[in-house]
1. Taking only DSSP H segments of four or more residues, each worth -39500 (n - 2.57), what value at 222 nm results for the chain once the sum is divided by all its residues, to the nearest 500 deg cm²/dmol?
2. So if each residue of separation counts as 0.36 nm, and I subtract the Cα-Cα distance between His69 and Glu213, what length gain in nm does that give?
3. From the phi angles alone, apply the Karplus equation (6.51, -1.76, 1.60; θ = phi - 60°) to region 162-171 and give each ³J(HN,Hα) in whole Hz, x where the residue is Gly or Pro.
4. Once both labels are modelled 7 Å past Cα along the beta-carbon direction, what's the Ala3-Glu130 spacing in nm?
5. Looking only at Phe138, Phe274, Phe174, which one moves most when the chain is put into a Gaussian network model with springs between Cα atoms under 10 Å?
6. In the chain, if the dipole is taken from +1 on Lys/Arg beta carbons and -1 on Asp/Glu beta carbons about the Cα centre, which of Asn105, Ala212, Ala92 is farthest to the positive end?
7. Run the simple label-point estimate for Glu37 and Arg183 please: 7 Å along Cα→C-beta, distance reported in nm.
8. For region 208-276 and region 109-140, what is the separation of their C-alpha centers, rounded to whole Å?
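The values are calculated or read from the model by the stated rules, or taken from the named source; none is laboratory data. All figures in this text were calculated on a predicted structure; none of them were measured in a lab. When we count neighbours, we look across all protein chains shown, and the Cβ atoms used for this are built from the backbone with ideal geometry, even at glycine. All accessible areas refer to the heavy atoms of the entire protein, side chains included, with ligands and DNA or RNA removed. Shrake-Rupley method; radii C 1.70, N 1.55, O 1.52, S 1.80 Å.
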Amino acid sequence: GAAVVVSDSRYAGTVPAGPWSVLRTDDPSADATGFPETNPGRTSTPDDLMYVIYTSGSTGPPKGVEVPHSGIVNYLGWCAEAYAARGRGGAAVFSSVAFDMIVPNLYTPLVMGQRVCVLDETLDMQTIAERLTAWAPFSFLKLTPGQLGLLSELLDADEARHLTEMLAVGADAFPVRILRNWRRIDGGTPVLNEYGPTEASVGNCVHVVDGAEQGDLLPIGRPIPNTTMYVLDSTLAPVPIGVPGELYIGGACVVRGYLNRPALTLERFIADPFSAQPGARMYRTGDLGRWMPGGALAFLGRIDDQA
């Protein structure tokens, strides 16, 4: 449904034909004469669509997720305080723009007036490690558990300890063994394990690593402000502490649904019976979890393939 494609002369010729106009930002023939000199009035609302991003395909065929401004604003507001406020070094982008890890790494530093160091997504991890070391220290770095595992092998202790003020790890289950490998070279940098499917506006649950983690996987912690997490049985009743159940997500982070998939949207985004807000919905994740005695959530794996 796009009406305009914004590009420049280098790439405008690669835009396929369609029912849209191509706007070239460097078009020398563009003439602003006659246009208003003041900013237009704001007609959008927080519930308007910000972007559509596709799931990875790890839980069934890729699906276009419709993400509104409200969920991203809530998430970035939390990221600014929890991540970027720890320093002044900004962050680095080294993932595809089609992967929602770019949201905290790109927008959070900009919101805080900090730098964004952009790396080509095709670079190998050795080169990325070298660039990150040269540009360090960062306010924060958000990366996957696999990337942290590789950095553990590529950096020495001095490089690791001066790399960043904090590490945020997400996009996949976080094995305790990877954390222990990182701690061999860096015992002091704060580490947070962030959980959240694409359908929850990037992330909505976080665990602050305290060094007492046991078992195979790190806990996913507690929901961030204005979001909720439920562990429910097949009748949508909350289960007791320690009992496995399906994870449901509610609050400001819940997205509109799936692009052009109304039936699947109705199946996965259902009325939130625990919310007093009219029309509130919660997202059925297909993930298995349980409440731990201390009040944090543990991730136990997948229930289905969520096709």
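1. When only DSSP H runs of four or more count, the value is -6500 deg cm²/dmol.
2. Extra length available between His69 and Glu213 comes to 48.3 nm.
3. 3J(HN,Hα) across region 162-171, in whole Hz: 9, 6, 7, 6, 7, 10, 10, 10, x, 6.
4. With each label point 7 Å from Cα toward Cβ, the separation is 4.8 nm.
5. Result: Phe274 has the largest fluctuation of those listed.
6. Ala212
7. About 6.3 nm separates the two model spin labels.
8. 32
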